[in-house]
1. Taking the number of other C-beta atoms within 10 Å as the exposure measure, put Cys80, Cys145 in order starting with the fewest.
2. Under 5 Å between amide hydrogens, which residues at least 5 positions from Phe58 or on another chain qualify, with H placed 1.01 Å from N in the peptide plane?
3. So what J values fall out for the range 159-165 if you push phi through Karplus, 6.51 cos²θ - 1.76 cosθ + 1.60 with θ = phi - 60°, rounded to Hz, Gly and Pro as x?
4. Greater than 26 Å separation of Cα atoms is the criterion. Which listed pairs, Lys44/Lys113; Lys37/Lys88; Lys72/Lys113, meet it?
5. Exposure proxy check: Glu144, Glu153 ranked by fewest other beta carbons within 10 Å?
6. I'm a student and want to see the number: the projected area of the Cα convex hull of the range 33-199, averaged over all directions, in nm².
7. Find the centroid of the Cα atoms in the range 178-198 and in the range 60-119, then give the distance between the two in whole Å.
8. Count charges around Ala99 for me, please; just the other residues with Cβ under 14 Å from its Cβ, Lys/Arg as +1, Asp/Glu as -1.
Amino acid sequence: MTKVSKILFGLILVSSFISGFMVYNIEDVAAAKDDEKVDIDEGKEIQYYVMAENQIRFRFQEKTKVTFQANKPANLDIKCDGKRIGDKDFEIEVEADRAFNMTMNCKEEQNTKGLREGNIIEARNRVRYRYQEGFVADIECTEECDAKLRIQETDQNKGGTWAYYDEEDEEWVPVETTSEDGYLECETDHFSTWTVLVPEIDYTLIILIGVGIGAAILIGAAIIIIKRRK
């Protein structure tokens, strides 16, 4: 082997080694970004930059979890009263055309909008709902976008529906909600104040219906007896 051939062979070996090392490191970085967790044990607020397609799970005061993911980079400013809200698991997934800023303020109650534990609310569709979720989020975004909102389904909110507050008409507007993989989920193209409301059971109506059915049965039985006697 000539001196030139030896030099070329050595360069090929070194290049192969460097390429293998670079590929190994790229795979490591890609795997590390998929399930990032951030704990906020002290305080109620965090400002955070999230890269596109990254999923970040924030946990406030060892209780409330807020998971965020978007297709574009985002600057987040999240306030969350974890101690009062308790063990809740909220997720938001956003699709936008460009990078954006988003603020979220998560609370247990919001009295000015009727959200107090146990309150009955009549929504735009004239259905009566009870507020017992103990989680309400004020969300604002600097860009137009589509989003999915999810919250873990529990005995407390089972059968509930997501709803947003219409500031102009000062009323709650329920939206189509599905149960997916243990979460109550909805889709939206705007942000405001969001929460989950549970339809109120109208026991008076149930009693009236029951009485009406009972009366119909009695009348029917009486007619049959009269006909038989004839």
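1. On the way: Cys80 28, Cys145 21.
The fewest-first ordering by Cβ neighbours comes to Cys145, Cys80.
2. Val38, Val66, Thr67, Phe68
3. x, x, 9, 5, 8, 10, 9
4. Distance filter (> 26 Å) returns Lys72/Lys113.
5. Values: Glu144 11, Glu153 19.
Ranking Glu144, Glu153 by Cβ neighbours within 10 Å, fewest first, gives Glu144, Glu153.
6. In nm², the orientation-averaged hull projection of the range 33-199 is 9.1.
7. Taking the Cα centre of each part, the range 178-198 and the range 60-119 sit 12 Å apart.
8. Residues close to Ala99 contribute a combined charge of -3.
Read the figures in this text as sums done on the coordinates, not as results from a lab. These numbers were taken from a predicted model, which means no experiment stands behind them. Heads up, the Cβs are rebuilt from the backbone with ideal geometry, glycines too, and the neighbour counts pull from every protein chain shown.
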